[in-house]
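Quick notes on the structure that follows.
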Amino acid sequence: MGKLNDLTLAEARDGLAAGDFSAAELTEDCITAMEAARNLNAFITETPEIARKRAATSDARRARGEALGALDGIPIAVKDLFCTTGTLTSAASHILDGFTPTYESTVSQNLINAGAVMLGKTNLDEFAMGSANITSYYGNVKNPWVGPNGEDLVPGGSSGGSVTAVAANICPGSIGTDTGGSIRQPASLCGVVGMKPTYGRCSRWGTVAFASSLDQAGPFARTVRDNALMLEGMAGHDPKDSTSAPIDVPNFEAAIGGDLKGLTVGIPEEYTLDGMPEEIQALWDQGAAWMREVGAEIKPVSLPHTKYALPAYYIVAPAEASSNLARYDGVRYGLRVEGATLDEMYENTRGSGFGAEVRRRVMIGTYVLSAGYYDAYYVKAQQVRTIILNEFNTVFEDVDVLLTPTAPNAAFPIGAKMDDPVAMYLNDVFTVPANMAGLPGISVPAGLDKSGLPLGLQVVAKPFDEETMFRAADALERAANFTAKPRYLGGQ
Amino acid sequence: MSLDRDDVRKIAFLARIKIEDAELEPLADELNSIIGWVEQLGEVNTDGVQPMTSVAEMLTPQRPDQVTDGNVTQKVLANAPDRVKDFYAVPKVLD
């Protein structure tokens, strides 16, 4: 047997249940892997003492015959955007220096209640604003995959540390957040499975807010089955979040394993972009063919306003961010930079506490919400959002799921796409529409580009129909049979 | 619509973010490139379309008006950069 950190979540669950190894042994291998991978910079804070304690608690529980569900004793990594009692929560920002919450986010508490073992808090783009994990105050994260000439690549973003923890076999599962693609795009760039649930499926309480009408927590894992197990542990109604949906959490794992007979898969024609690499188009066609082979009916569909989702997002998300980030004033927690007056203290604190990308977005948001521009920008964007949602609703009268590429490119070198903010924003062109409409979406590794880098395909489903999404993703995963490994794990 | 140095200075003040004079020009260029790009929304006919207020088709939930939390002064103040007794301390606001 290899190291226990190489196991999938389902394999680890079965091994724990069979008594092949303890949660303490599994956790120790994951801690060793975490420490060995420090050059990837995936973690902002390692919490091995918390992990060992929770693993021991899990083993004791199992010994008493009171083992919980699939996640009991499973080591996971937590994006440093979820508040964790007694552990630094930074949002990868200088402005939250030293912030140690006295409360736990609902999603991470649900995982504690399910018996999961937190290994540490992972790196991310500052306040989750970015598509390459290059805006963190704590430095860039390296993709475990490398470029054709051995160059370092970005892992995608914003959940760059959480995706890397799973892609480098540090742990079998991790959690991130997805406001415009921050789980699905990095999953595609690192060759793992990442999903964003329906808006309202996971509570947002205790998660550092970026854009409240778009933010959703979701899991990373190396298989669709593991991803389903993670979501089941995270989701559920929470009275502390008024947008949390008061509906039961299904057994997501039970949805997978079958064929796709009776399922209709829509192929939206507007997801073909000028200049998109040929292998992405070819992989997308191949994905549709794989799904047809296992019984799905493939149907071309049209979502005419797709191209307007991204510009509308870059009004709505900065507007909400400028409001949410107004709370960082240097008074109650985090960084304070003194000034002669209270206004100067605010300006100095926020001027030095926020990085360049956060400053840009807060200022765009401030501008589009300011007197005289509100109707021209913000109201217009929210009208476009209504049109986008209506188009999805119409298409979902005819199809069960949609199949699209996840991202318009594979992982790129650290330092690329830096000259023009808009070039970076285009990384989320295929993922943003699901956020704008609140829909669940999942990225499944499906193939390699001509440089040998992973590419994902995305399945988008109807609201609160993650079961059908997982069913389709699982069939796609089996057909794609993606077994390539990153250089970090001895592949490439 | 194109932003100049003075516009950027005004927006920065509204956002309470200190921007050095030397940064105003490059920041104006960056913001103009983003705003110029989002202005393609002008091509979309939105006559009579309701602006979205929520993606979820659900009513605002109601709950009993009961106190379920509180008396956690020390927890609330635990991260304060500066405090005096049970209060946050800030620079003098009034003369």
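The values are calculated or read from the model by the stated rules, or taken from the named source; none is laboratory data. Keep in mind the model is a prediction, meaning the values are calculated, not measured. When we count neighbours, we look across all protein chains shown, and the Cβ atoms used for this are built from the backbone with ideal geometry, even at glycine. Side chains included, ligands, DNA and RNA excluded: accessible areas come from the protein's heavy atoms. Shrake-Rupley method; radii C 1.70, N 1.55, O 1.52, S 1.80 Å.
Of everything listed in (1) at positive phi; (2) open to solvent by 10 Å² or more (accessible area, probe 1.4 Å); (3) out of contact with any Leu (no Cβ under 6 Å at 6 or more places or on another chain), the single unmet condition for A:Pro239 is (1).
Any chance region A:225-248 includes a residue that's among the β-branched types (Val, Ile, Thr) and either more than 14 Å from every other protein chain (Cβ to nearest Cβ) or touching a strand residue (DSSP E or B) at 6+ places or on another chain (Cβ under 9 Å) (or both)?
Initial filter on region A:225-248 (among the β-branched types (Val, Ile, Thr)): A:243, A:247.
The next check asks that each one be either more than 14 Å from every other protein chain (Cβ to nearest Cβ) or touching a strand residue (DSSP E or B) at 6+ places or on another chain (Cβ under 9 Å) (or both); those that pass are none.
No, the conditions are met nowhere in region A:225-248.
Of the helices (runs of 4 or more DSSP H) that lie entirely inside region A:12-129, those containing 2 or more residues that are touching a Lys or Arg at 6+ places or on another chain (Cβ under 9 Å), under 20 Å from A:Gly236 (Cβ atoms) and away from every other protein chain (no Cβ under 14 Å) span A:106-113. The lone criterion from (1) under 20 Å from A:Leu389 (Cα atoms); (2) assigned to a helix (DSSP H, G or I) left unmet by A:Leu303 is number (2). Residues in region A:204-239 that are small (Gly, Ala, Ser), more than 14 Å from A:Ala114 (Cβ to Cβ) and part of a loop (DSSP other than H, G, I, E, B): A:Gly206, A:Ala209, A:Ala211, A:Ser212, A:Ser213. When region A:155-174 is limited to residues that are in contact with a Gly (Cβ under 7 Å, 6 or more places away or on another chain) and either hydrophobic (A, V, I, L, M, F, W, C) or closer than 16 Å to A:Ile76 by Cα (or both), the one that is surrounded by the fewest Cβ atoms within 10 Å (Cβ to Cβ) turns out to be A:Ala167. Determine, yes or no, whether A:Met436 is at pLDDT 95 or above, assigned to a helix (DSSP H, G or I) and within 12 Å of another protein chain (Cβ to nearest Cβ). So A:Met436 passes the test.
All told, A:Ser352 falls short of being within 25 Å of the chain's Cα centre (by Cα) and either in a loop (DSSP other than H, G, I, E, B) or polar (S, T, N, Q) (or both). Counting the residues of region A:374-392 that are free of Cβ contacts under 8 Å to residues at least 24 places away in the same chain and more than 8 Å from chain B (Cβ to nearest Cβ) gives 4.
Only one of A:Val331, A:Val301 is in contact with a strand residue (DSSP E or B) (Cβ under 7 Å, 6 or more places away or on another chain) and modelled with pLDDT under 95. Can you tell me which? First the steps, then the outcome.
Working: A:Val301 fails: modelled with pLDDT under 95.
From the options A:Val331, A:Val301, the qualifying one is A:Val331.
Scanning region A:254-277 for residues that are of a type outside the set (Val, Ile, Thr) and open to solvent by 40 Å² or more (accessible area, probe 1.4 Å) gives A:Ala254, A:Gly257, A:Asp259, A:Lys261, A:Gly262, A:Glu269, A:Glu270, A:Leu273, A:Asp274, A:Gly275, A:Pro277. Number of residues in region B:36-78 that are more than 7 Å from every other protein chain (Cβ to nearest Cβ) and either in contact with a Phe, Trp or Tyr (Cβ under 6 Å, 6 or more places away or on another chain) or farther than 27 Å from A:Pro440 by Cα (or both) equals 20.
This table checks each residue for (1) open to solvent by less than 60 Å² (accessible area, probe 1.4 Å); (2) closer than 19 Å to A:Tyr367 by Cβ; (3) within 14 Å of chain B (Cβ to nearest Cβ).
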site: A:Glu279; (1), (2), (3): yes, no, no
site: A:Pro304; (1), (2), (3): no, no, yes
site: A:Ile315; (1), (2), (3): yes, yes, yes
site: A:Pro318; (1), (2), (3): yes, yes, yes
site: A:Leu325; (1), (2), (3): yes, yes, yes
site: A:Gly334; (1), (2), (3): yes, no, yes
site: A:Glu338; (1), (2), (3): no, no, yes
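If a residue must be on the phi < 0 side of the Ramachandran plot and either surrounded by fewer than 16 Cβ atoms within 10 Å (Cβ to Cβ) or within 13 Å of chain B (Cβ to nearest Cβ) (or both), how many such residues does region A:393-415 contain? I'd like the intermediate steps shown before the answer.
So in region A:393-415, the residues on the phi < 0 side of the Ramachandran plot come out as A:393-414.
Among the residues that remain, those that are also either surrounded by fewer than 16 Cβ atoms within 10 Å (Cβ to Cβ) or within 13 Å of chain B (Cβ to nearest Cβ) (or both) are: A:393-394, A:397-398, A:413.
Total meeting the criteria: 5.
Of the residues making up region A:166-183, not a single one is part of a helix (DSSP H, G or I), at negative phi and of a type in the set (S, T, N, Q).
The residue pairs whose first member lies in region A:122-143 and is more than 16 Å from A:Ala321 (Cα to Cα) and open to solvent by 10 Å² or more (accessible area, probe 1.4 Å), whose second member is polar (S, T, N, Q) and assigned to a loop (DSSP other than H, G, I, E, B), and whose beta carbons are closer than 7 Å, counting only pairs six or more residues apart or on different chains, are A:Ile134/A:Asn140; A:Ser136/A:Asn123; A:Tyr137/A:Ser93; A:Tyr138/A:Asn123; A:Gly139/A:Asn41; A:Asn140/A:Asn41; A:Asn140/A:Asn133; A:Lys142/A:Asn41. Checking each residue in region B:10-40 for being in a loop (DSSP other than H, G, I, E, B) and exposed (fewer than 13 other Cβ atoms within 10 Å of the Cβ) picks out only B:Glu20. For region B:51-81, the set of residues classified as surrounded by 10 or more Cβ atoms within 10 Å (Cβ to Cβ) and within 19 Å of A:Arg385 (Cβ to Cβ) consists of B:Pro51, B:Met52, B:Ser54, B:Val55, B:Ala56, B:Met58, listed by residue number. Residues of region A:47-85 that are farther than 26 Å from A:Glu253 by Cβ, open to solvent by less than 50 Å² (accessible area, probe 1.4 Å) and of a type in the set (Asp, Glu): A:Asp80 alone.
Residues in region B:79-95 that are of a type in the set (A, V, I, L, M) and either facing chain A (nearest Cβ under 7 Å) or in contact with a strand residue (DSSP E or B) (Cβ under 9 Å, 6 or more places away or on another chain) (or both): B:Ala80, B:Ala89, B:Val90, B:Val93.
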